[in-house]
Number of protein chains: 2
Amino acid sequence: MTRTTTASLDEQNGILFAKLAAAQPRLLDVLPAGEAIPGFNAELVLHAGPPIAWQNMTPAMQAAVEGALVFEGRARDLAAARRLAESGTIRFAPAHDHQATGAMAGIVTASMPVFLVEDEVSGERSFCTINEGLGKALRFGANSPEVLNRLGWIRDSFAPLLKQALRLKGPINLRALVAESLRRGDECHNRNKAATTLFFREIAPALVETGAPHSDIAAALRFIAGNDHFFLSLSMAHAKAVTLGLERDGVGSLVTTMAGNGREVGIRTSGGGPRWFTAPAEVAQVRLFEGHSVADATPTMGDSYVTEAIGLGAFALAAAPAIAEFIGGTVQGLVARSEKMRTITVGEHPAFLIPALEFRGVPSGIDVRKVVASGTTPIVNTGVASSRPGAGQIGAGVQSFPLACFEAAVSALD
Amino acid sequence: MTRTTTASLDEQNGILFAKLAAAQPRLLDVLPAGEAIPGFNAELVLHAGPPIAWQNMTPAMQAAVEGALVFEGRARDLAAARRLAESGTIRFAPAHDHQATGAMAGIVTASMPVFLVEDEVSGERSFCTINEGLGKALRFGANSPEVLNRLGWIRDSFAPLLKQALRLKGPINLRALVAESLRRGDECHNRNKAATTLFFREIAPALVETGAPHSDIAAALRFIAGNDHFFLSLSMAHAKAVTLGLERDGVGSLVTTMAGNGREVGIRTSGGGPRWFTAPAEVAQVRLFEGHSVADATPTMGDSYVTEAIGLGAFALAAAPAIAEFIGGTVQGLVARSEKMRTITVGEHPAFLIPALEFRGVPSGIDVRKVVASGTTPIVNTGVASSRPGAGQIGAGVQSFPLACFEAAVSALD
C-alpha cells in the first residue's frame with residue numbers, strides 16, 4: 001500500500017465517520033417484509049450472516065427456515081417445508097444483502113412484519129423483524145405450533161396496531177433513544193433494558209389513542225414490557241441504516257457489518273460494497289449458563305454485531321456496567337476491553353456518550369487497517385445459541401471477531 | 001459517653017441497619033390524604049421540614065398554603081386563604097410527623113391524593129403527594145388557576161384511575177424498582193428518569209385494563225411520561241416507610257430524616273423519636289441555572305432528603321454518572337464525594353448496588369456519632385427553589401447538611 005493510498009483512505013474514512021456521526025435513523029413504519037423490502041418475493045428467505053447454502057446451514061437455522069415456510073403457508077408441515085427448502089425453489093440470501101438484519105438465525109420471509117427505519121440524513125432505509133421474546137423463538141430454531149402462533153399474533157394483531165400507533169405518533173428518533181439509553185446503563189446490543197422501556201414509554205400513549213379494544217392494547221403493551229430485548233431489533237435496524245450510508249460510495253476502510261451464520265463469520269467494509277470477508281465461525285469463549293457445555297453451543301450466529309460497527313455493544317461496555325451480572329467478569333475488566341477499541345477506531349461518537357468516562361463518546365468507526373496493523377480485533381457482545389433447534393440461548397459474553405476477516409479486507413484494499 | 005453506651009448503640013444500630021436492609025416497601029393504593037393519613041382532618045395542613053409557624057414560613061411556602069386552601073374550598077380566593085391561614089384556625093405540622101413527606105414546600109391537605117406505601121416487613125405505612133410535574137407547581141409556591149386546575153385533574157381523574165389500575169395489578173414492589181433504577185443510572189432523588197419509566201411500564205397495561213375511556217388513559221400515561229421526576233414521590237414514600245421502622249423502638253443513633261422548611265433544616269434520629277435537631281437553613285452552594293443568582297434562592301426546603309437517609313440520592317451518585325450533566329462537576333468528583341459517605345454510615349445496602357463499583361452496595365445508615373467524630377457531614381442532592389413564589393427551580397447540586405444538627409443529636413444521646 002503506497003503512502004498516497006493510505007492518506008486517501010484516511011480522508012475517505014474521515015468523511016465516512018462524519019456521516020456515521022451525523023446519522024439520524026428514525027422508525028417510520030411496521031409492515032410485511034414482502035411489502036417493505038425492495039425486491040422481496042415469496043421465494044426469498046433471508047438469513048443471518050454471510051451467504052450460506054441450505055445444506056450447509058446449522059440445524060437451528062434449518063429448523064427456523066422450516067418453521068418460516070410453514071408460517072408462510074408454503075408447506076403444510078415441517079417435513080414438507082424441509083423438502084421445499086431442499087428442492088432449490090427457495091432462494092436464500094443474507095439479510096444484510098437486502099438492507100435487513102436478523103437476530104440469531106435471522107430468518108425473514110415475506111409476511112413477517114419488519115420495522116422500517118430510515119436515516120433522515122442519508123435517506124438509507126433498513127429493516128429488522130420484531131423480536132419474538134424469550135423462551136422458544138424461531139430465531140433459535142424453535143418451530144412448534146406455539147412459536148408459529150406467536151408469529152401469527154405478531155403479524156395479525158401486534159404489528160398492525162403498532163403501525164397505527166406510529167401513524168398517530170409520527171417517526172420515533174432512534175438516535176435519541178440510543179443516546180439516552182447509554183445514560184441508563186445499556187450498550188444496546190446485549191443490554192436493551194432501558195431502551196426497551198423508553199420505547200415502551202414513547203409508544204404506549206399512541207397505542208391507547210388508536211382506540212383499539214382495550215384487551216388488544218393491553219396485550220401489545222404486555223408483549224413489549226415482557227421482553228427486555230425488544231429494542232434489539234430497533235438497535236440493529238438503526239445501526240444498519242447508518243452503515244448502509246457508509247457502503248454507498250464504495251470508499252474507505254471502515255467495517256460496516258460483522259455477522260455470522262453459524263458456520264462462517266464475515267465482515268463487510270465501506271470500500272468493499274456487498275463483498276463479504278469471511279472466516280470459519282467459532283464457538284465463543286464466553287460464560288455458558290448453568291448446565292450447558294461447549295458441546296451444546298452453536299458457533300457465532302446472527303446479525304446483531306452490526307451494532308458494534310457503529311460503536312455500540314461491546315464498544316460501549318463502559319456505559320453498561322450492570323451487564324457484568326449477565327455476562328460475567330469484572331466491570332473494570334469489561335471496561336478495559338471496551339476502551340481498547342479506541343486503538344482500532346477512527347473517532348468518538350458525538351451523541352453516544354459514556355457518562356462514567358466524563359461523557360466521552362464511544363469508540364466508533366472500525367478501520368480494518370488499524371485492526372490488522374495492531375492485531376487488536378474488534379470485540380462483540382454475543383449470545384450463544386444451543387445447537388439443538390429451539391433450545392434457545394445457553395450463554396452470553398464478549399468475543400473477538402477473527403483476524404482473518406480483517407486481513408482479507410485489507411488485502412482487498414490493495 | 002461511656003464505653004458500654006457506645007457498644008450498646010453499635011448493637012442497636014446493627015439491628016436497625018438489618019431492618020433498613022430488609023425493608024420491602026410496596027405501593028398499595030392512591031387515596032385522599034384525609035382518608036389515608038391517620039388523624040388527618042380538614043384543619044390540618046402539612047408542610048416540609050421541621051415545625052414552623054405560619055408567620056415564619058417562606059413566601060413560597062405561604063403561597064403554596066394559600067393555593068391549597070383555595071383548592072380545598074376553604075377560601076374563595078388567595079386573599080381569603082391568607083386570612084384563614086393567619087387566623088389560627090389552621091393547624092400546621094411537618095409532613096414527617098404524620099408518616100408523610102412533601103417535596104419542596106411539601107404542602108398536603110385533606111383532599112389531595114397521596115400514595116400509600118407500606119413496608120411489607122415492618123408494616124409501617126407512609127404517604128406522599130403525587131408530583132405535579134415541571135413548570136408552575138404548588139410545591140414551588142405557584143398557586144394560579146392553571147396550577148389548581150391541574151391539582152383538580154390529579155384528584156378527580158388521574159388518581160382514581162391510578163387507584164383502579166393498582167387494584168387490578170396489585171402492589172408494586174418499590175424496592176425492586178429502586179434497585180433496578182440504580183442499575184440504570186438513577187440515584188432516585190435528583191435523577192428519577194429510569195425509575196419513572198419503569199413505573200410507567202409497570203402501570204401502563206393495568207391502566208389500559210381498567211377499561212376507562214381511551215382519552216382518560218392516554219392523558220394519564222402522558223402525565224407520567226411527561227415528568228421525569230414522577231417517581232420522586234414514590235422514592236420519598238419508600239424511604240419514609242423504611243425510616244419509620246427505624247424510629248419505632250427509639251434506639252440507636254441513625255439518621256431517619258433530613259429535611260428543610262426554607263428557614264430551618266432538621267434531622268431526626270432513630271433514638272430521638274419525633275424530636276427534631278435543627279439548624280438555620282442556608283442557601284445551597286450549588287449550580288444555579290443560567291440567569292439566576294444567590295439572591296433569588298430559597299434556603300434548603302423539602303423532605304426529599306429522606307432518600308439520603310437510606311443511602312440513595314447523593315449517597316448513590318456513583319450509580320448515576322449522567323447526573324453530572326444536570327448538576328455540574330466532574331463524574332469522578334461526584335463519585336468521590338459520594339464514596340466518602342462510607343465513613344459515616346454503618347453498612348452497605350444489600351439490594352441497592354452500584355454496578356460501576358463492582359456491585360458494591362450504597363453506603364447506608366448514617367450514624368450521627370460518626371458524623372460528629374469525623375466532621376464529615378452527610379451530603380444530599382438538592383434542588384434550589386426560587387424565593388419568588390411559583391418561579392420554580394433555579395438550581396441543582398450537592399450540598400452538605402450542617403454539622404450543628406448532628407452535634408445536637410449526639411448531645412441528646414448522652
Residue match in segment B:256-265 (condition: buried (at least 21 other Cβ atoms within 10 Å of the Cβ), farther than 20 Å from residue B:190 by Cα, β-branched (Val, Ile, Thr) and in contact with a His (Cβ under 9 Å, 6 or more places away or on another chain)): no
Which numbered condition residue A:314 fails, given (1) surrounded by 24 or more Cβ atoms within 10 Å (Cβ to Cβ); (2) at pLDDT below 95: (2)
Residue count for segment A:327-385, restricted to those that are at positive phi and away from every other protein chain (no Cβ under 14 Å): 2
Close pairs from segment A:328-346: first closer than 18 Å to residue B:318 by Cα, partner surrounded by fewer than 17 Cβ atoms within 10 Å (Cβ to Cβ), Cβ under 7 Å, at least 6 apart: A:330/B:358; A:331/B:358
Exclusive hit being of a type in the set (Gly, Ala, Ser), under 18 Å from the mean Cα position of the chain (by Cα) and closer than 24 Å to residue B:24 by Cβ, set B:250, B:262, B:245: B:245
Failed condition for residue B:349, given (1) crowded, with 24+ Cβ neighbours inside 10 Å; (2) at pLDDT below 95; (3) in contact with a helix residue (DSSP H, G or I) (Cβ under 7 Å, 6 or more places away or on another chain): (2)
Residues (aromatic (Phe, Trp, Tyr) and facing another protein chain (nearest Cβ under 8 Å)) located in segment B:184-209: B:200
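One line per residue, one yes/no per condition, for (1) aromatic (Phe, Trp, Tyr); (2) part of a helix (DSSP H, G or I); (3) in contact (Cβ under 8 Å) with a residue 24 or more places away in the chain; (4) on the phi < 0 side of the Ramachandran plot:
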{"site": "B:158", "(1), (2), (3), (4)": "yes, yes, yes, yes"}
{"site": "B:202", "(1), (2), (3), (4)": "no, yes, yes, yes"}
{"site": "B:208", "(1), (2), (3), (4)": "no, yes, no, yes"}
{"site": "B:212", "(1), (2), (3), (4)": "no, no, yes, yes"}
{"site": "B:235", "(1), (2), (3), (4)": "no, yes, yes, yes"}
{"site": "B:241", "(1), (2), (3), (4)": "no, yes, yes, yes"}
Count of residues meeting criterion [in contact with a strand residue (DSSP E or B) (Cβ under 7 Å, 6 or more places away or on another chain) and in a strand (DSSP E or B)] in segment A:341-371: 17
Hey, residue A:20 closer than 19 Å to residue A:237 by Cβ and in a strand (DSSP E or B) or not: no
Conditions (1) surrounded by 24 or more Cβ atoms within 10 Å (Cβ to Cβ); (2) farther than 23 Å from residue A:322 by Cβ; (3) out of contact with any strand residue (DSSP E or B) (no Cβ under 6 Å at 6 or more places or on another chain); (4) hydroxyl-bearing (Ser, Thr, Tyr): number failed by residue B:307: (2)
Tally, over segment B:225-249, of residues that are among the hydrophobic types (A, V, I, L, M, F, W, C) and either in contact with a His (Cβ under 8 Å, 6 or more places away or on another chain) or within 14 Å of chain A (Cβ to nearest Cβ) (or both): 4
Selected residue (only one of A:46, A:28 is surrounded by fewer than 24 Cβ atoms within 10 Å (Cβ to Cβ) and in contact with a strand residue (DSSP E or B) (Cβ under 7 Å, 6 or more places away or on another chain)): A:28
Helices (runs of 4 or more DSSP H) lying entirely in segment A:276-339 (those with 3 or more residues that are under 12 Å from residue A:190 (Cα atoms) and outside the structural domain of residue A:350 (by TED's automatic domain parsing)): none
Answer from A:28, A:44, A:9, A:16 - the residue that is among the hydrophobic types (A, V, I, L, M, F, W, C) and either without any contact (Cβ under 8 Å) to a residue 24 or more places away in the chain or farther than 23 Å from residue A:310 by Cβ (or both): A:44
Those residues of segment B:266-275 which are within 21 Å of residue B:347 (Cα to Cα) and buried (at least 24 other Cβ atoms within 10 Å of the Cβ), in sequence order: B:267, B:268, B:269, B:270
Candidate set: segment A:317-344, residues that are β-branched (Val, Ile, Thr) and buried (at least 24 other Cβ atoms within 10 Å of the Cβ); chosen: the one nearest to the chain's Cα centre (by Cα): A:323
All positions within segment B:243-263 that are hydroxyl-bearing (Ser, Thr, Tyr) and assigned to a strand (DSSP E or B): B:256, B:257
Residue check for residue B:368: touching a His at 6+ places or on another chain (Cβ under 8 Å) and modelled with pLDDT of 95 or more: no
Test result for residue A:407, within 14 Å of another protein chain (Cβ to nearest Cβ), more than 22 Å from the chain's Cα centre (by Cα) and of a type in the set (Asp, Glu): no
Checking residue B:163 against (1) surrounded by fewer than 20 Cβ atoms within 10 Å (Cβ to Cβ); (2) away from every other protein chain (no Cβ under 12 Å); (3) closer than 19 Å to residue B:242 by Cα, the condition it does not meet: (3)
Given (1) touching a helix residue (DSSP H, G or I) at 6+ places or on another chain (Cβ under 9 Å); (2) closer than 30 Å to residue B:271 by Cα; (3) surrounded by fewer than 20 Cβ atoms within 10 Å (Cβ to Cβ), index of the condition residue B:363 fails: (3)
The one condition in (1) touching a Cys at 6+ places or on another chain (Cβ under 9 Å); (2) under 16 Å from residue B:254 (Cα atoms); (3) in a strand (DSSP E or B) that residue B:377 fails to fulfil: (3)
Segment A:317-326: number of residues that are modelled with pLDDT under 95 and more than 10 Å from every other protein chain (Cβ to nearest Cβ): 1
Residues that are facing chain A (nearest Cβ under 7 Å) and buried (at least 20 other Cβ atoms within 10 Å of the Cβ), drawn from segment B:210-224: B:217, B:218, B:221
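The values are calculated or read from the model by the stated rules, or taken from the named source; none is laboratory data. Computed from a predicted model, the values in this text were never measured in an experiment. Counting neighbours? That spans all protein chains shown, and the Cβs are built from the backbone with ideal geometry, glycine included.
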